[in-house]
Each structure stands twice: as structure tokens, then as C-alpha cells.
Amino acid sequence: MAGNSFGQLFKITTFGESHGKMIGVVIDGLKPNLEIDIDEIQKELDRRKPGQSSVTTQRKESDTIQIVSGIFEGKTTGTPVCILIKNEDYRSSDYENIKEVFRPGHGGYTFLKKYGIYDYRGGGRISGRETAARVAAGAIAKQLLMKRGIRVLAYTRQIGNIEIETFNENEIEKNPVRCPDPLAAQKMISLIESVKNEGDSVGGIIEIKIRGLKAGYGEPVFDKLEADFAKALLSIGAVRGFEIGSGFKSALMKGSECNDQFRINPETKEIETITNNSGGVQGGISNGAEVIMRIAVKPTSSISKKQKSVNYKGDEVEIEIKGRHDPCICPRIVPVAEAMVSLVLIDHILMQEQLQKEIDKLEELRSRIDLIDLQLLLLLQARNDFVSQIGKLKKINGYEIYNEERENFLKDKWLNYAQELNLDTDYIQQILKLIIEQSRKKQQEFFE
């Protein structure tokens, strides 16, 4: 199966199924001796784990991480990091009565058509359970970003038709829906509990912000920063839409309204945009403004209401899904969204740092060449001084400027040296010819 890995320099590979013994992730590309806070990794998993409140699934998973390689005494060793997470509270029997029926909204039908086999227990490989492994990897990426002064923040902006009216970052982790508006949060909770009692579910919008990202990160063509963000976030199972900056509202604007005009910040003296319709990314590259994105999260597919479907035999049937499922997945997608954005960011940053190293190396080599060039000029100056002295002696003693024997000697000696040093002989001959011509010209000054 393709598509289990993500990233280029900071590369992760996730594995495992919803009702298997465990899930996990392998992270490759971490340099040795990087300090990693294990507690911070666990903290991120705790934000995502099920059973947090009445508005999430009641499946109980501790999501305790087990690091089996790549980190020793709190530091990376430079080898792949492998993190395991046990599945502790799965009930496969809940799916026994529908194991041969395609669940509406799920990928069972398409998975079966592609692979000819499908693990019906909780969705198998394509279950949202897999995202716990992403969060573990993203927690490490987050730590690397924080050391660079970059922070990724996500929160619930809207659930159903209830949208935030105020923003207080300190309120996000104080309510079960992770909403920055406490009044809207209470309305969201009431809505979720209402649809839950109806045996239904509800979706919403998650907003993600990146703070502290300087200008110059990203690529201009196929690997645009926003394109990689879109791929990362749309790879989350429940996400059905992505926008950055003014997003789809851009279609309703005029160019004069949509363009982010530039100015010089009076305090920092740096170039900045007056507005942020581009969402902090222009031409696929960050412009130094706050990056703002939003994702549309669909209502959870597994609901207890009766729905029409088809079984493996091709018979039309009605289905009622049992089990423990989130009436709204938005609160638990928040840490997943942060993780995926962090993975994209650290990958692009590492690519930029690698490019900068190559640029620095190029400049270092050029500096060395400049030094050698100066040394060559100083040697030519010293040679010129000796040529002047020889010119004076030739004039006093009545010698001819042209000395065929001497010039032939120099030509033979230079060619021998060139061959020993593996230098192009034609190139060396041209240099010597210019030097000899200059020597004759310099000596001629004393005969005029």
C-alpha cells in the first residue's frame, strides 16, 4: 500500500489499524543530540485521545507512548525514532452485525474495490485512530519549531451554524470543544449533545494559525507551502475543504480589494503587508505575516440513525451503526491539524536550512578563491618588480630584451609543472604567453 509516508527531510511513516494490537510511527531525518521532551509528546496525545468529555467518543484509550528507538536519555541518537501506541479499548464485536455492509460516509467500499480486502473493525487502516501516530510525530516537529520561535495554533472556529464572535486564546483549552469564544463554546456543546441524542453528528470549521514564521520558506511551483499544507490537512479523514487567507471569499473581491499592499513597518523597518488576504503565503513562499488557514470538517460518518446501504452481495439494506463514536470530531481534530501543519513546516524549514548551508558553502569557497586571486596578484606584482630590475641590467650591459633560450626554458618548465599538477596545458601556455609579453613590454621601458 502506497501513501503511508509523509515528508522529505523530516519523514514519517505510520502503521497499524484501529482494532489491531497497536499503532505507531517511524520518524526519519532527526539529527543526533536534539533534546526531546517526552512529556510534551504525551501531552499532545492526551489532547487528541478519546473519552475526554461528553462531546467525544466514550472509547477509553490512554494513548501512552512507548519509544522503542532513536531517543536515548532525552536526546535523539540520529537513528530512526519509533513510537508505539497500544490499542487498549477496542470492541470488534460492535461491528460483527455490519461486517458485510458498506457504512455510509466511510471508505469501506472504495478500499474493497482497490485492494479486494477490507478490515471492517472500526475502519481498519483508514480509521481516524491512525491520526494518533501523526500527533506523536507532530509533537516532535512542534518542539523543533518552538526552538526556532515558531508556534502553530489551531482551534474550533465553527460547529454547525454556531461561529465564534470573540477570540481569547487562553479559553481554547478550557472547554471541551477547544473554542476561543466561551459563549460560543457553550452553544456548540449544547448543539453537539442535541444531535448526539438524536443519534446524529455535526461538523464544523477548524482555524489554524502560524506565528513567528519569517519570510522565505516554501517553494514556488509544485511544492508551494500552501499546497503542502492543503495536502497534509486534506489527508485527515474527516476534512473536506481547505482555504488559506481570504480563501473562497477571494472570488468575490476585486483585485484592488484582494491584493495585499506593502509598507515599511515604522518600528521594525521591515517590509510587511497592510492586509493579509494571502494568509501569509505569496508565490508559494511565506511572506512573514501570520499564516491563517481553515479546514472544513464533515460530520462524523458513524451515526446510530437508520441509513440505507448495500451489502457485499449487492442487496439493498438498512444499517444502524453501534459502537462508540464522536458526535463531533472537531475538538479532537485540533491537535491533529496542528501536527500536520508542524510536519509540513519543519520539512520546509529543514530544506531551506540545507539550501542555506549550500549557499554558505558556496560563499566560503568563493572567499577562498578571492584570497588565492589576491595572492596571485601580489605574486604578479613581485614578479613585475624583478622584471624591472632585469630590464635595467639588460640596458646597462647591452643585452637584448628577447632571449629565446630563456623563454624556451620557461615554456618547458611550465608545461612539465602543468602535467605534474594535472592542469590543462593549453590554458597554462596562454597564461605564460601573456606573462612573457608583459615582461617584454616592461623591459622595453628602459630602452626608450
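Some notes on this structure:
- Region 1-45, relative contact order [Cα under 8 Å, separation at least 6], %: 27 percent
- Normalised per residue, the volume of the convex hull around the Cα set of the chain (Å³): 251 Å³
- Residue-by-residue Karplus 3J(HN,Hα) for region 235-248, coefficients 6.51, -1.76, 1.60, Hz, glycine and proline x: 6, 6, x, 8, 7, 10, x, 9, 8, 10, x, 6, x, 5
- For the chain, size of Cβ-based charge dipole, Lys and Arg +1, Asp and Glu -1, in debye: 860 debye
- Euclidean distance of C-alpha centroids, region 106-173 and region 12-77, integer Å: 14 Å
- Dipole size of region 368-447 about its Cα centre, with +1 on Lys/Arg Cβ and -1 on Asp/Glu Cβ: approximately 380 debye, rounded to the nearest 20.
- Dividing the Cα radius of gyration of region 13-63 by its Kirkwood radius returns 1.05 for Rg/Rh.
- When each of the peptides 412-420, 289-297 is scored by the mean number of other C-beta atoms lying within 10 Å of its residues, the order from highest to lowest reads 289-297, 412-420.
- Highest GNM mean-square fluctuation among SER18, SER53, SER388, for the chain modelled with Cα contacts below 10 Å: SER388.
- Degrees, to the nearest 10: 225-234 long Cα axis against longest axis of the chain: 30 degrees
- Extreme residue, positive dipole direction of the chain, given options ILE369, ASN384, PHE15 (C-beta unit charges): PHE15
- Based on C-alpha pairs under 8 angstrom that are at least 6 apart in sequence, the chain has a relative contact order of 17 percent.
- For GLY241, distant residues with modelled amide H under 5 Å away: ALA296
- Over region 368-447, the ratio between the Cα radius of gyration and 2.2 N^0.38 Å evaluates to 1.23.
- Only one residue of GLY108, GLN356, VAL281 has its Cα farthest out toward the positive end of the dipole of the chain, where Lys and Arg carry +1 and Asp and Glu -1 on Cβ, and that residue is GLY108.
- The eigenvalues of the Cα gyration tensor, multiplied by 5 and square-rooted, give region 180-265 an equivalent ellipsoid with semi-axes of 33, 18, 14 Å from largest to smallest.
- Overall dimensions of region 140-210 by Cα: Rg and Dmax, Å: 14.2, 47
- Axis of helix 182-197 versus longest Cα principal axis of the chain: the two differ by about 50°, to the nearest ten degrees.
- Magnitude of the charge dipole, region 197-312, Cβ model with Lys/Arg +1 and Asp/Glu -1, debye to 20: 500 debye
- Listed residues ILE98, GLY123, ASN403: farthest to the positive end of the dipole of the chain (Cβ charges): ILE98
- A simple packing score, the average count of other Cβ atoms within 10 Å per residue, orders the peptides 241-252, 366-377 as 241-252, 366-377, with the highest score first.
- When the GluC sites (Glu not before Pro) in region 335-414 are filtered for DSSP coil states and for at most 13 other beta-carbon atoms within 10 Å of their beta-carbon, the remaining sites are GLU400.
- Within-9-Å neighbourhood charge of LYS209 [Cβ basis; K, R +1; D, E -1]: 0
- Extension gain, ASP412-GLN429: 0.36 nm per intervening residue step, less the Cα-Cα distance, totals 5.1 nm.
- The base-10 log of I(q)/I(0) for region 281-394, evaluated at q = 0.14 Å⁻¹, reads -0.89 [Debye formula, identical scatterers on Cα atoms, solvent excluded].
- Relative exposure of LEU365, LEU234, judged by other C-beta atoms within 10 Å (fewest first): LEU365, LEU234
- Cα centroid separation, region 379-430 to region 355-370 (Å): 34 Å
- Pairs of lysines in region 368-447 (C-alpha under 14 Å apart; 8 or more residues apart or interchain): 9
Laboratory data are not the source of any read-out in this text; all were calculated from the coordinates shown. Just so it is clear, the structure is predicted and the values come from calculations on it, not from any experiment. Reconstructed Cβ throughout: ideal geometry from the backbone, glycine too, with neighbour counts over all protein chains shown.
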